[in-house]
Amino acid sequence: MPNCNEKGRIPFSSYIQWNIYCEMINPIVITIVLLCFSNLFMTFAWYGHLRHLSDKPWMIAAFASWGIALFEYLLQVPANRVGHGVLSIGELKIIQEVITLLIFVPFSVFYMKEKISIDYLWSGVCLMGAVFFLFRSRMGGA
């Protein structure tokens with residue numbers, strides 16, 4: 001999937017449709033939505049086997065996780081391609097880390113039945129600091 005800044009790289013027949021698509025939906029919104037779904041698959045791939053396959057050999061868990069991770073990559077790669085047209089690599093990474101925490105905390109509490117601690121809050125505060133420092137130039141700061 002080309003990003004919205006690569007108009008010259010897509011066939012002319014698709015140019016009009018792609019241009020309308022890019023103007024209707026903000027590339028940052030597309031990136032965030034795709035990364036949220038990607039992260040949901042990633043979290044299940046990394047940790048879901050601990051709940052459902054803990055009694056199976058690790059190779060079965062690994063193959064099941066790889067199967068789930070395929071769907072993560074089918075969303076994550078287009079998300080990063082669309083996002084890189086308007087965001088830096090660092091900004092993409094910080095957005096991904098914030099999404100990871102937003103997905104992981106409910107997953108660990110509701111799905112894995114883990115207890116939440118104040119450390120999740122402090123982790124979130126640190127990530128918000130990272131977001132501030134990386135995005136402050138876009139917000140009119142430094």
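Quote the relative contact order of the range 7-135 in percent (integer), defining contacts as alpha-carbon pairs under 8 Å separated by 6+ residues.
So the answer I get is 28 percent.
Which order do the peptides 106-113, 34-41 come out in when sorted by mean C-beta neighbours inside 10 angstrom, highest first?
34-41, 106-113
Once you have the Kirkwood Rh of the range 7-135 from its Cα pairs, apply Stokes-Einstein at 20 °C and 1.002 mPa s and quote D in µm²/s.
129
Here, each number is a calculation from the coordinates, and none is a lab measurement. Worth saying up front: this structure is predicted, and the values here are computed from it rather than measured. Neighbour counts run over all protein chains shown; Cβ positions are idealised from the backbone, glycine included.
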